[in-house]
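For reference, the structure discussed in these notes is given below.
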Amino acid sequence: MIRENLEEVERKITAAAIKSGRSREDIKLIAVTKTHGADIMNEAIRLGVTDIGENKPQEVRDKFEHVLPAKWHLIGHLQTNKVKYVIDKVCLIHSVDSIKLMDEIERQAQKHNLVMDVLIQVNISGEETKSGIKKEELEDLLLHAGKLEHVKVKGLMTIAPKTDNSVTNILHFDNMRRLFIDIQQKKYDNVNMVYLSMGMSGDFETAIECGANMVRVGSAIFGERNYSQK
Ligand SMILES: *Cc1c(COP(=O)(O)O)cnc(C)c1O
């Protein structure tokens, strides 16, 4: 099941990459394993998955030592008091949305003598329910990053609204890409626009066609999640 799903996702990523003038190697697939146990995660890793994404810091902490070597990504909302669970385990935090969180990551990273790569999560649709910062608040955060030594800003992340209308999400994804290019051209200290993390099971092809180079795909690989087991 996972094998077939993964092959299908791979095919779609390749097609979307080619459609946008790139190749499969230009796109990083993050397999989102939230709610799934170590056995399923290890199966995916044996099938070639290199990068896994979790949305809860506790799940990273609890599953980390039971899973084969892989690159872990924290993709969900992160409270400052939970940074300590993930600081020495993940390679990239996708969900930085405040100066306070950035400062706590800096503090924990310094304590562990490491440098943490992060993405800034942007609420591009302006939906009240969505996490991430507003476009207007972005500059303060980018300027703040210039003062830090143990945090490096490597790009942007967004979660598009759930919708049946993919046209509006094309708009949001295009706006993200524009922002990504804008920021790169402005050359902020300690800010490098390398990764544009957008696209999930329902919209990763659209996101890639709009310029995403990191997609976070869960249910299309692992099937529907069963939250009642947790
Ligand atoms: C769960 C999750 C995903 C993956 O969602 P699917 O629709 O299952 O692909 C991607 N990004 C974030 C932040 C998530 O929490």
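No value in this document is a laboratory result; all are computed from the given coordinates. All figures in this text were calculated on a predicted structure; none of them were measured in a lab. Positions of Cβ are backbone-derived with ideal geometry, glycine not excepted, and every protein chain shown enters the neighbour counts.
To two decimal places, what compactness ratio does the stretch 1-105 give when its Cα radius of gyration is scaled by 2.2 N^0.38 Å?
1.17
Relative to the present Cα-Cα distance, how much length would full extension add between GLN79 and GLN184 at 0.36 nm per residue of separation?
35.0 nm
Would you mind checking which residues have amide H under 5 Å from SER131's amide H? H placed 1.01 Å from N; only 5 or more apart, or other chain.
Under 5 Å from the amide H of SER131 lies no amide H from a residue far enough along the sequence or on another chain.
Taking the Cβ of each residue in ARG24, ARG177 as the centre, tally the other Cβ atoms inside 10 Å and list the residues starting with the fewest.
Ordered by Cβ neighbours within 10 Å, fewest first: ARG24, ARG177.
Would you mind counting up the charge near PHE180? Only other residues with Cβ under 13 Å from its Cβ, with Lys and Arg at +1 and Asp and Glu at -1.
+3
Just going by the charge dipole of the chain, with Lys and Arg at +1 and Asp and Glu at -1 on Cβ, which of ASN123, SER166, PHE64 is farthest out on the positive end?
PHE64
Which residues' amide hydrogens lie under 5 Å from the amide hydrogen of VAL96, considering only partners 5 or more residues apart or on another chain, with H built in the peptide plane?
HN-HN under 5 Å from VAL96: LEU119, GLN121.
From the helices alone, meaning DSSP H stretches of at least four residues, give me the mean residue ellipticity at 222 nm for the chain, per-run term -39500 (n - 2.57), in deg cm²/dmol to the nearest 500.
Here the helix-only value at 222 nm equals -11500 deg cm²/dmol.
Express the relative contact order of the chain as a whole percentage, based on alpha carbon pairs under 8 Å and six or more residues apart in sequence.
Relative contact order, the chain: 21 percent.
Based only on other Cβ atoms within 10 Å, what is the fewest-to-most ordering of GLU136, GLU7?
Ascending number of Cβ neighbours within 10 Å: GLU136, GLU7.
What does the charge dipole of the stretch 103-230 about its Cα centre add up to, to the nearest 20 debye, if the Cβ of each Lys and Arg holds +1 and the Cβ of each Asp and Glu holds -1?
For this selection, approximately 300 debye.
Give a residue-ordered list of calculated ³J(HN,Hα) values for the stretch 114-121 (Karplus: 6.51 cos²θ - 1.76 cosθ + 1.60, θ = phi - 60°; whole Hz; x for Gly, Pro).
Once θ is set to phi - 60°, the couplings for the stretch 114-121 become 9, 10, 9, 7, 9, 10, 8, 8 Hz.
May I ask you to evaluate 6.51 cos²θ - 1.76 cosθ + 1.60, the Karplus curve with θ = phi - 60°, for each residue of the stretch 52-65 and list the ³J(HN,Hα) values in order in whole Hz, giving x for glycine and proline?
Result, rounded to whole Hz: 10, x, 10, 9, 10, x, 5, 5, 4, 4, 6, 9, 3, 7.
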